[in-house]
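As structure tokens, the structure follows; a few thoughts come after it.
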Amino acid sequence: MERTELEWLDHLVSCHDKVKADLKRLDSYYEGTQPLSYMAPELERELSESVRQVVINWPRLVVDAIEERLDVTGFRFPGEAQADEELWRIWQANDLDEQSQQGHLDALVMKRSYVVVGTNEADKTTPIITVESALDMYAEHDPRTRKVAAAVKRWCEGEGKDEVEHATLYLPNATIWYLKEDDQWIQDPAYPRDDHNLGVVLVEVLANRPRLKKRNGVSELADVIPLSDAACKIATDMMISAEYHATPRRVAFGFGEEDFVDEHGRKISAWSRIAGRIWATEKNRKDHGADVVQFPEADLKNFHSTINQLAELVASLIGMPPHFMGRSTANPASADAIRSSESRLVKRAERKQGAWGGTWERVMRLVLLVRDGKANAEARSLETIWRDASTPTVAQAADAAVKKKQAGIVPLRQTREDLGYTQAQIARMEEQDERDAQSAMRRITGGDVTPLFGTKDPPEPVPDDVLPEASSGNAA
């Protein structure tokens with residue numbers, strides 16, 4: 001049974017509402033604003049005025065370590081030696097250098113992000129491409145084709161009573177804008193519907209680590225959050241113990257609640273009693289049995305070793321080098337040892353490049369479809385070009401690239417790509433190479449290339465008696 005447009009809208013909004021709470025929780029861990037876990041509520045209430053949560057933001061470290069290695073540098077058609085300039089122009093015109101990085105980041109944190117393609121009324125040759133957060137968008141896949149069947153984008157304008165909720169519905173043959181009035185969705189008169197009739201939803205999903213039964217992806221933080229919570233708890237406990245280390249705990253005998261008052265005779269809190277620098281009382285040990293005993297200070301080394309152990313667990317789960325987690329030794333690691341320790345992290349980044357490269361290729365195919373009104377057959381084999389995910393030294397990378405070139409394994413252009421130059425930089429280098437070659441030729445020949453190659457000999461005349469035979473041979 002097919003849904004109507006409003007049924008699709010209500011269904012997608014309902015599905016989006018169900019997942020937003022979990023997405024906001026994941027986002028709070030990346031931002032370091034997650035609530036404190038594992039602490040007893042009574043202790044948290046008692047210490048809320050004096051101790052704040054200590055956040056060890058390993059989730060951000062884990063995500064950034066991968067995202068920093070994901071840079072798109074171009075798109076190449078099959079059979080072409082260099083990146084396509086027109087696709088890169090469209091990419092740059094939509095500021096996707098910045099937006100693609102934000103999309104990768106959100107996908108790593110919140111399981112997925114979305115890329116939307118639309119018509120650009122101001123410039124038909126440059127379709128609009130935007131990257132959207134999973135907090136604002138939701139898409140549903142066709143179970144047979146596994147392509148996006150429909151998607152919705154939501155946002156609000158104004159504040160308080162003036163707040164208006166908007167939504168955009170993306171269907172295979174149309175894009176429709178709505179706004180909510182009196183709890184009812186109506187088509188937004190400010191945006192006429194776009195009946196493009198292209199047969200595809202103009203939305204692609206940047207899903208992180210999708211699985212067959214989890215098409216919308218899995219957060220990169222799934223394994224890190226429990227350990228991060230434990231580390232924040234230990235670090236916060238360490239700060240509480242540091243308070244007792246600075247103000248050692250004491251036990252008082254022979255005192256009552258009435259003895260703990262301020263200068264105005266008002267009772268003071270238990271924490272104020274503990275932190276008091278000077279205790280004065282009229283009671284004494286002999287007549288009243290009053291006594292005060294001080295406990296030894298807490299040893300903070302136990303907290304240090306626990307946090308270090310948790311850091312090692314995070315590094316082993318994510319494949320991060322120990323020095324990323326602040327672990328260092330007396331002897332600095334060699335360059336080879338550092339590269340070896342990064343091998344798992346590099347492989348994880350390369351896996352992301354393979355998966356998201358396919359998504360960006362589908363996005364650019366949608367761009368060509370919107371621009372031309374028909375599918376481009378060559379774009380089916382489009383290739384996304386990524387910057388090298390590893391971190392070799394400049395000298396090592398240059399040495400390897402030069403040796404490949406000298407051995408005839410790769411051409412000069414590929415050598416420059418291996419060295420990490422962008423397509424624009426390579427194009428400028430090739431222009432300069434051509435100018436230098438022309439200048440060198442002019443210096444040698446004085447502006448005339450004839451001396452380099454000599455003059456052509458005139459063609460030998462054909463004997464007259466050969467022509468009839470050639471003619472008859474052709475006739476035969």
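So for region 174-192 (the condition being in a loop (DSSP other than H, G, I, E, B), farther than 26 Å from LEU61 by Cα, assigned by TED's automatic domain parsing to the domain that holds MET137 and under 28 Å from the mean Cα position of the chain (by Cα)), does at least one residue qualify?
no
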Conditions (1) aliphatic (A, V, I, L, M); (2) in contact with a Phe, Trp or Tyr (Cβ under 6 Å, 6 or more places away or on another chain); (3) closer than 22 Å to ALA190 by Cβ -> ALA122 fails only (2)
For region 129-149, how many residues are under 19 Å from LEU369 (Cβ atoms) and in a loop (DSSP other than H, G, I, E, B)?
4
I'd like the full set of residues that are closer than 18 Å to GLY420 by Cα and in a loop (DSSP other than H, G, I, E, B), limited to region 64-87.
GLU68, ARG69, LEU70, ASP71, ALA81, GLN82, ALA83, ASP84
Select from region 214-237 the residues that are of a type in the set (A, V, I, L, M, F, W, C) and in contact with a Phe, Trp or Tyr (Cβ under 8 Å, 6 or more places away or on another chain) and list them in ascending order.
LEU221, VAL224, ILE225, LEU227, ALA230, ALA231, ILE234, ALA235
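Residue by residue, here is whether (1) over 10 Å from the mean Cα position of the chain (by Cα); (2) within 28 Å of ASN216 (Cβ to Cβ) holds:
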| position | (1), (2) |
| --- | --- |
| GLU85 | yes, no |
| ILE90 | yes, yes |
| LEU105 | no, yes |
| THR125 | yes, no |
| LEU135 | yes, yes |
Candidates THR175, THR145, THR168, filtered to the one that is farther than 18 Å from HIS16 by Cα and either surrounded by 14 or more Cβ atoms within 10 Å (Cβ to Cβ) or in contact with a Gly (Cβ under 6 Å, 6 or more places away or on another chain) (or both)
THR175
Filter region 212-258 for residues that are part of a loop (DSSP other than H, G, I, E, B) and modelled with pLDDT of 80 or more and give the result.
LEU212, LYS213, ARG215, ASN216, GLY217, VAL218, SER219, GLU220, LEU221, ALA222, ASP223, VAL224
Could you say whether any residue in region 448-456 is modelled with pLDDT of 60 or more and of a type outside the set (A, V, I, L, M, F, W, C)?
no
MET364 - would you say it is at pLDDT 80 or above and either within 25 Å of ALA207 (Cα to Cα) or in the same structural domain as MET320 (by TED's automatic domain parsing) (or both)?
yes
Residue check: is GLU132 among the acidic types (Asp, Glu) and exposed (fewer than 11 other Cβ atoms within 10 Å of the Cβ)?
no
Just the residues that are under 11 Å from ALA207 (Cα atoms) and of a type in the set (Lys, Arg), please, taken from region 85-126.
LYS111, ARG112
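The values are calculated or read from the model by the stated rules, or taken from the named source; none is laboratory data. Computed from a prediction, not measured in an experiment: that's the story for all the values here. With ideal geometry, Cβ positions are generated from the backbone for all residues, glycine too; neighbour counts draw on all protein chains shown.
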